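Structure first, then comments.
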Amino acid sequence: MLFNPELCRNESEVESKLIVQYLLPQLGYTPDTWHQEVAVGSIRLDFLAFGVQVVPLILDANSPLSVVMEAKSPKQNLNHHVLRLRHYLTSLNVRFGLLTNGKEIRIYQKLRDDIQLVFQCDGNDVEEKIEEIRGLIGRESLKNQQFKEQLEVQVSNLEPKKEHSMKTIAIYHNKGGVGKTTTVVNLAAAIRKKGKRVLVIDFDSQANTTFATGLVKFDDEEFDDIKESNLLQVLQSEDFYPISEVARKSSFCNPEIFVVPAHIDLMRNETDLNDLDGSRLILIDKLESVKDEYDVVLIDTPPSLNLYARIALITADYLIIPSDLKPFANQGLTNVKEFIKGINTFRRQIRKPQIEVIGVLACKISTNNQFVRHTLPKRLEAIPKRYGLEVMDTVIYDRDDLAKCAEKTILVGDMELADPVSILDFKPDSSAAQEFELLAIEVLQKIGLV
Ligand code: ATP
Ligand code: MG
C-alpha cells in the first residue's frame, strides 16, 4: 500500500504523506510543475500544480490550467473549507481544487463565479480511484484539456457569429411635419451605406415613406399595385403576408433597401384592426422570421396617437423622437412621454422590455447664425431639464437639398415619373448628406451595432 490515511495525524502529515509523496507523483507532476506555500496577494495556497511549467509564476486568464491542493488536519470537517476554496479558485482563476483531510478527498471544478464538486472519495480508497483522479486533474489531462479548449476557441472564432442582432427603431412624434419621414428614409440610406441590411416599415396611411422611397411610380389609382399587399395585410393576417413577401426592394439609394409599404386603406381599416386583439403582436412575430435577413428595421409612424403609432412603438426596441424644437413641438413632448408610458405598460404585460429612447433628434433646424449660436443651445438644453429626455448629438438642419432629392422626377416619354433618391445619393458631399452620415454613426453606436 502506497498511502495509508492512518499515518496522517495532522495537517503537515497530510501535506507530506498524501500530497507530496503520493498524489503529486501519481498524477504526473514533477517538482518543476508544482509549488508549495504559494502566496498570491492575501491568499496563501498549500499547493499549486500546473499542466506545464510556468516561470515566472503568474495567475491570469491566460495561465495554463492549474490545480490547487489544500491540506487540512484529519480533525477538520471539509465542509468548513469549501467557501474558502471557492474564493481561491474564482479569484485566482484556477480551474480545479483538491481539498483533503487525509480521511476524505474532494475535487472541485470552477464554473464562472462558483465551484462544483466533481469527485469525492474516502482516503482509504484513493489507490483504487487514482485513475479517475488522474483523468480529472492529472498533469496530462490538464495539458490535453488546455489544448482542446484552445482549439475550440480557434474554431469558434472562425465561425460567423449567429447572435440575434436585428434592431428595430421607431421614429415618432405625434406632431406633424417635424421631419419623421425625411429622417427615416435618409437614415435608412446612410445606415445601408455602412454595410447594414435595412428594412423600412411605413406605418403612416399618408404613405409618404412609400412615395419617398420610390415605390409608387404613377400617381394614378389604376396602377396602384400596393393596395393588395402592404402593411395592412401584414397586420391583418396571422398566417399569410409574411414580411419576405410584402417588402419591396427600393433603389432610391445604393445599395438598395427594402420597404414594407403603407396604403391609404390603412386609415379606413383602423377600427376593424382595433377589434383584432392579436394585431398588436402579429408584426413582432413576423419580424422574428426575418431577423437573419436584416440588421436594422426603421419604422416611420403617423403624426398621431392612433393604433398604428401604438403598434409601431410596441414592436420597436428603440425610439428616436424628431423635433423641430419649435415651442409647440416641445410641448408635444409631454404627449409623447405619456404615450410611451402607456406603451411600456402594455410591454410589461407581454413581457417585452421597455422601449429604449435613443433621444430627441433636432430636425429642420434653421441655419441662421444667430439662431445656431444662441437660441439652439438653449432649446437643446431645455429638453433634458424639462422633459427628462436625452438629446441626440447630431443635428439635422433645414436644407433645401433634402426637399429637392425627395421630389426628383424623370421624364419617360411625355410622362413625368417620381424618381426620389436619398440625399446621400443625390449630393453625397452636401452638408445634409454629411449630417445623415453622422446620424447613422451615432445611431449605430447607440444600438451597439458598430
Ligand atoms: P408627417 O407628420 O406629416 O408625417 P413628417 O414628420 O414625416 O411629417 P416630413 O414629411 O419628413 O415630416 O417633412 C415635412 C416637410 O418638411 C417635407 O416637405 C420635407 O421635405 C420637409 N423637410 C423635412 N426635413 C427637412 C429638412 N431637414 N430640411 C428641409 N426640409 C425638410
Ligand atoms: Mg411622415
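The values are calculated or read from the model by the stated rules, or taken from the named source; none is laboratory data. These numbers come from a predicted model, not from an experiment. Neighbour counts are summed over all protein chains in view; Cβ atoms, including those assigned to glycine, are modelled from backbone coordinates with ideal geometry. These area figures cover heavy atoms from the full protein model, side chains too; ligands, DNA and RNA do not enter into them. Shrake-Rupley method; radii C 1.70, N 1.55, O 1.52, S 1.80 Å.
Numbers at a glance
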quantity	calculated
Residue match in the range 234-244 (condition: out of contact with any strand residue (DSSP E or B) (no Cβ under 7 Å at 6 or more places or on another chain), outside any strand (DSSP E or B) and charged (D, E, K, R))	yes
Candidates 287, 325, 333, 283, filtered to the one that is in contact with a Ser or Thr (Cβ under 6 Å, 6 or more places away or on another chain) and assigned by TED's automatic domain parsing to the domain that holds residue 217	283
Pick from the range 394-417, criterion open to solvent by less than 60 Å² (accessible area, probe 1.4 Å) and more than 16 Å from ligand 2 (Cβ to nearest atom), ranking: nearest to residue 185 (Cα to Cα)	401
Close pairs from the range 240-268: first open to solvent by less than 50 Å² (accessible area, probe 1.4 Å), partner among the acidic types (Asp, Glu) and not in a loop (DSSP other than H, G, I, E, B), Cβ under 6 Å, at least 6 apart	253/425; 261/202; 262/202
Selection status of residue 126, within 16 Å of ligand 2 (Cβ to nearest atom) and over 24 Å from residue 293 (Cα atoms)	no
Candidates 396, 410 - the one that is under 30 Å from residue 253 (Cβ atoms) and either among the polar types (S, T, N, Q) or at pLDDT 95 or above (or both)	396
Among residues of the range 393-449, those that are more than 36 Å from the chain's Cα centre (by Cα) and polar (S, T, N, Q), counted	1
Within the range 114-232, helices (runs of 4 or more DSSP H) holding 2 or more residues that are within 24 Å of the chain's Cα centre (by Cα) and more than 16 Å from ligand 1 (Cβ to nearest atom)	139-158, 180-193
Given (1) more than 22 Å from residue 266 (Cβ to Cβ); (2) away from ligand 1 (no atom under 16 Å from the Cβ), number of the condition residue 346 does not satisfy	(1)
Candidates 223, 203, 218, filtered to the one that is free of Cβ contacts under 8 Å to residues at least 24 places away in the same chain, assigned by TED's automatic domain parsing to the domain that holds residue 294 and of a type in the set (A, V, I, L, M, F, W, C)	223
Pairs with Cβ under 6 Å, 6+ apart, first in the range 382-393 and over 10 Å from residue 321 (Cα atoms), second basic (Lys, Arg) and open to solvent by less than 30 Å² (accessible area, probe 1.4 Å)	none
Test: residue 174 is more than 16 Å from residue 67 (Cα to Cα), surrounded by fewer than 19 Cβ atoms within 10 Å (Cβ to Cβ) and at pLDDT 85 or above	no
Selection count, the range 317-343, where residues are away from ligand 1 (no atom under 16 Å from the Cβ) and open to solvent by less than 10 Å² (accessible area, probe 1.4 Å)	1
Matching residues, the range 366-424, being farther than 30 Å from residue 223 by Cα and basic (Lys, Arg)	373, 378, 379, 385, 386, 399
Criterion violated by residue 272 - all others in (1) surrounded by 16 or more Cβ atoms within 10 Å (Cβ to Cβ); (2) over 19 Å from the mean Cα position of the chain (by Cα) satisfied	(1)
Test result for residue 300, in contact with a strand residue (DSSP E or B) (Cβ under 7 Å, 6 or more places away or on another chain), of a type outside the set (A, V, I, L, M, F, W, C) and within 16 Å of ligand 1 (Cβ to nearest atom)	yes
Filtered residue count, the range 355-393, keeping only those that are touching a strand residue (DSSP E or B) at 6+ places or on another chain (Cβ under 7 Å) and open to solvent by less than 30 Å² (accessible area, probe 1.4 Å)	12
Residue count for the range 185-213, restricted to those that are more than 16 Å from ligand 2 (Cβ to nearest atom) and of a type outside the set (A, V, I, L, M, F, W, C)	6
Tally of residues being of a type in the set (Ser, Thr, Tyr) and within 16 Å of ligand 1 (Cβ to nearest atom) across the range 233-264	0
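A quick yes/no check of all residues on (1) closer than 26 Å to residue 427 by Cβ; (2) more than 12 Å from ligand 1 (Cβ to nearest atom):
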site	(1), (2)
368	yes, yes
372	yes, yes
378	no, yes
387	no, yes
394	yes, no
400	yes, no
